[in-house]
Amino acid sequence: MRFPTFVFTEATETQRHGERLCGSVSLWRNRHMTGIQIVRATWRDAWTLSRLDRKCFQPIDAYDWLTYLGLCLWPSVVALKAASGGEIIGFVASDRRRRHGHAIIVTLSVDPAWRRRGLGERLMHECEARIDLPRVRLQVRKSNTPAIHLYLKLGYTVLGALPRYYGDSEDGYLMEKARG
Ligand SMILES: CC(C)(COP(=O)(O)OP(=O)(O)OC[C@H]1O[C@@H](n2cnc3c(N)ncnc32)[C@H](O)[C@@H]1OP(=O)(O)O)[C@@H](O)C(=O)NCCC(=O)NCCS
């Protein structure tokens, strides 16, 4: 996740097809979170999503609004936003790479004001539920303890290290989850 280059790094080697499966609405009422909606993000959300991105990631990892526009429009991408009272408070996107038999979690973010209430976990569950491939993969900075704990809790395991993967040369982990 958080590729040093544009999200569609593997575009040339990936046959992109398949329908956008997301679109259903879910309401989650748990852990002090009532009325949170998780729905498909659209191109209209791109600017707001880029502002959420700035709250959640350091500049070196930032995606601009054009990247979010691409994520919301690209057919192989599942892009879901969490909204409360009209405000976007979380986002997850995955790219389905059928030829490789897996999907990649491209980005996951929860507004700092809404963290530690289970929203990141919920976004991941909702995204995974819309992935029709046997495996899900992601990359994470070695220093990103909250995210690593979240992925381990969700059943991801470390496939290997990614030396100097990020723009500032920090190492990453490649993690994977086999879907039952
Ligand atoms: C990672 C992130 C999405 C987690 O969102 P969140 O809504 O706070 O996570 P949740 O409340 O659903 O937490 C689920 C689990 O994740 C782990 N976790 C989350 N935050 C944690 C923290 N600060 N420290 C340790 N573990 C943490 C815990 O295992 C937690 O389960 P628990 O509550 O039973 O202990 C959020 O911190 C974030 O947006 N970070 C900045 C962006 C980012 O790094 N994205 C991931 C890029 S790879």
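The values are calculated or read from the model by the stated rules, or taken from the named source; none is laboratory data. Note that the coordinates shown come from a computational prediction; the quantities given were computed from them, not determined experimentally. Because the Cβ atoms are built from the backbone with ideal geometry, glycine has one as well, and the counts that use them run over all protein chains shown.
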>> Here are the criteria: (1) away from the ligand (no atom under 14 Å from the Cβ); (2) among the aliphatic types (A, V, I, L, M); (3) free of Cβ contacts under 8 Å to residues at least 40 places away in the same chain; (4) surrounded by 15 or more Cβ atoms within 10 Å (Cβ to Cβ). Tell me which single one L133 does not satisfy.
In response: (3)
>> I'd like to verify a number: residues in segment 64-80 that are surrounded by fewer than 23 Cβ atoms within 10 Å (Cβ to Cβ) and within 14 Å of R51 (Cα to Cα), how many?
In response: 5
> Hey, does segment 2-21 have a residue that's within 15 Å of the ligand (Cβ to nearest atom) and either among the basic types (K, R) or at pLDDT 95 or above (or both)?
Replying inline: yes
>> Taking the condition of being in contact (Cβ under 8 Å) with a residue 12 or more places away in the chain, surrounded by fewer than 16 Cβ atoms within 10 Å (Cβ to Cβ) and either assigned to a loop (DSSP other than H, G, I, E, B) or among the aliphatic types (A, V, I, L, M) (or both), how many residues in segment 143-161 meet it?
In response: 6
>> As an exercise: evaluate Y151 against (1) more than 18 Å from H102 (Cα to Cα); (2) within 10 Å of the ligand (Cβ to nearest atom) and give the number of the one condition it does not meet.
In response: (1)
>> Looking at segment 130-167 only, could you name the residues that are among the small types (G, A, S) and within 19 Å of S109 (Cβ to Cβ)?
In response: S143, A147, G167
> Could we say that R164 is without any contact (Cβ under 8 Å) to a residue 12 or more places away in the chain, in a loop (DSSP other than H, G, I, E, B) and within 13 Å of the ligand (Cβ to nearest atom) here?
Replying inline: no
